[in-house]
Amino acid sequence: MITRLLYKQLQEWRDRPNHKPLVLRGARQVGKTTLVNEFGKEFDHYIRLNLELADDARAFSLSDRVSDVFQYICLLKKVVIQEHEQTLLFIDEIQNEPKAVAMLRYFYEEMPDLYVIAAGSRLHTLLKQRISFPVGRVEYLSLRPCSFLEYLYATGEKPLADLLTGCQVPPHLHDLLMKRFNRYALVGGMPEVLNNFASHQDVSRLSPIYQSLLNGYDEDVEKYAKNEKQIQVLRHILRHGWSLAGQTIKFAKFGGSSYSSQEVHDAFEVLQKAFLLHLDYPVTTMQVPAMAALTRSPKLIWVDTGIVNFSSDIQTAYLQNTDLLDIWRGHAAEQVVAQELRIALDRNYRNEQFFWVRDKKGATAEVDFVWQQGTRLIPIEVKTGTNAHLRSLHSMMSQPDAPDLAVRVWSGAYREDELTTASGVRFRLLSIPFYYACMIDYIIDNAS
């Protein structure tokens, strides 16, 4: 099994007193079931229900009492639990039985010693049924595709992963890490893809897996669209939207279609709830907390860089270039950095990712990302070249309330510079290699 960083958070959840049932969210095929199956080995008893199976789902229709339901489950799975033994109950595909969702609160209230995890590949379909998880009675964790750090573990490069975790990559290993990161940016982090690549080191073998994932997403559309028109819009986005990864988009007539802004917006919201993409909105001020300017165009970030590359037919560009910023006008670099930053967001229990645009008529200044660290909004540019060419970054650092620190993500080695904007504002610029993107919170802490 691939070493997943979320495993430690599962252990922390288990060890907390008064733990609540845990809802594990994530896109289809990111490894939720595999992760919980592995975690289940740490318990005296591990019971897995798959509510796509009629016998398993039937348990929740037999009684309104959670003790009766659990007794039936134990008999069904032939589990005998002795006093003081720890039991993990995993309710997979929970969206298939709405009553199971409602019953989570009673597991928490009436059986606090039982550990319960719920997951499903289509949890967002509950919204169509107007059903939600019990407020205040459950906890949430999100599982993403494998990060670069997890890629290193999966490909047998633990010593490099350990150096990366400690933010202590020595200069003589920089080129080696960049080669590894470029290959990760090509392959992506979907577990089935990564397992195959780790075994064979052959990118050409991965195409059927990518296509299977895309087919699965396309087939799921009918299960969670609210009507036939939305099915059409969702499929249009899934077929034409991958090539717009890392770019700001307009909803109206998206991808050359005739669909209205509202129709496209609503479809994007469905796909966002399915964890297949994120719409990252800009901020226009340096004030905290960061507040999205929802009237502005969002940036489209897809679930996985590997699927983006396959769908957009740009894999050859990766193999022919040594610098991510030379591929696909730099949008490939923004996609993979956004994917890595989201790992750090999850680690800090934050959901929203932002970028910055200048709030002035006719202005075009845009900084790729902003990261809120305490009371500061730290700008992050994904760019190479000399410091003098960081025009948008200089524009942002000249704004009122701007911090004294900025970050550039690039292909070069780690370095620090003291810069001055045209208006005379001095600030520090941290230039960090791509492979440090998922460690951004630690990097900024150490530099502060």
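At-a-glance table
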read-out: Test: residue in segment 135-151 that is surrounded by fewer than 13 Cβ atoms within 10 Å (Cβ to Cβ), among the hydrophobic types (A, V, I, L, M, F, W, C) and within 31 Å of the chain's Cα centre (by Cα); value: yes
read-out: Residue match in segment 271-292 (condition: open to solvent by 70 Å² or more (accessible area, probe 1.4 Å), at pLDDT 95 or above and either of a type in the set (Asp, Glu) or farther than 25 Å from Ala365 by Cα (or both)); value: no
read-out: Residues (open to solvent by 60 Å² or more (accessible area, probe 1.4 Å) and either at pLDDT 95 or above or in a helix (DSSP H, G or I) (or both)) located in segment 154-175; value: Gly156, Lys158, Pro159, Asp162, Thr165, Pro171, His172, Asp175
read-out: Hits in segment 1-25 - residues which are assigned to a loop (DSSP other than H, G, I, E, B) and buried (at least 16 other Cβ atoms within 10 Å of the Cβ); value: Ile2, Arg4, Leu5, His19, Lys20, Pro21
read-out: Residues within segment 240-255 that are outside any helix (DSSP H, G or I) and either surrounded by fewer than 14 Cβ atoms within 10 Å (Cβ to Cβ) or free of Cβ contacts under 8 Å to residues at least 24 places away in the same chain (or both), tallied; value: 4
read-out: Test: residue in segment 256-270 that is within 20 Å of Tyr210 (Cβ to Cβ) and either in contact with a strand residue (DSSP E or B) (Cβ under 8 Å, 6 or more places away or on another chain) or open to solvent by 20 Å² or more (accessible area, probe 1.4 Å) (or both); value: no
read-out: Options Ile231, Ile237, Ile209: the member that is closer than 28 Å to Leu24 by Cβ, open to solvent by less than 50 Å² (accessible area, probe 1.4 Å) and without any contact (Cβ under 8 Å) to a residue 12 or more places away in the chain; value: Ile231
read-out: Breaking point among (1) more than 33 Å from the chain's Cα centre (by Cα); (2) modelled with pLDDT under 95; (3) aliphatic (A, V, I, L, M), for Val69; value: (2)
read-out: Filter result for Ala59 (open to solvent by 30 Å² or more (accessible area, probe 1.4 Å), more than 21 Å from the chain's Cα centre (by Cα) and more than 30 Å from Ala344 (Cβ to Cβ)); value: no
read-out: Near pairs, Cβ below 6 angstrom, 6+ apart or cross-chain, from segment 281-292 (under 16 Å from Arg350 (Cα atoms)) to any residue that is loosely packed, with under 14 Cβ neighbours inside 10 Å and not hydrophobic (A, V, I, L, M, F, W, C); value: Val288/Thr375
read-out: Candidate set: segment 431-448, residues that are more than 16 Å from Ile343 (Cα to Cα) and open to solvent by less than 50 Å² (accessible area, probe 1.4 Å); chosen: the one farthest from the chain's Cα centre (by Cα); value: Ala447
read-out: Residue within segment 297-312 that is surrounded by 20 or more Cβ atoms within 10 Å (Cβ to Cβ), over 30 Å from Pro400 (Cβ atoms), modelled with pLDDT under 90 and of a type outside the set (A, V, I, L, M, F, W, C) present; value: no
read-out: Among (1) outside any helix (DSSP H, G or I); (2) open to solvent by less than 30 Å² (accessible area, probe 1.4 Å); (3) in contact with a His (Cβ under 8 Å, 6 or more places away or on another chain); (4) small (Gly, Ala, Ser) - the single one Ala338 does not satisfy; value: (1)
read-out: So Ile231, is it part of a helix (DSSP H, G or I) and under 23 Å from Asn96 (Cβ atoms); value: yes
read-out: All strands (runs of 3 or more DSSP E) inside segment 357-430 with 2 or more residues being buried (at least 18 other Cβ atoms within 10 Å of the Cβ); value: 366-373, 376-382, 405-410
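The values are calculated or read from the model by the stated rules, or taken from the named source; none is laboratory data. Given the structure is predicted, the values throughout are model-derived calculations rather than measurements. Every residue, glycine among them, receives a Cβ derived from its backbone with ideal geometry; neighbour counts consider all protein chains shown. Quick note on the areas: whole protein, heavy atoms, side chains included, nothing else; ligands and nucleic acids left out. Shrake-Rupley method; radii C 1.70, N 1.55, O 1.52, S 1.80 Å.
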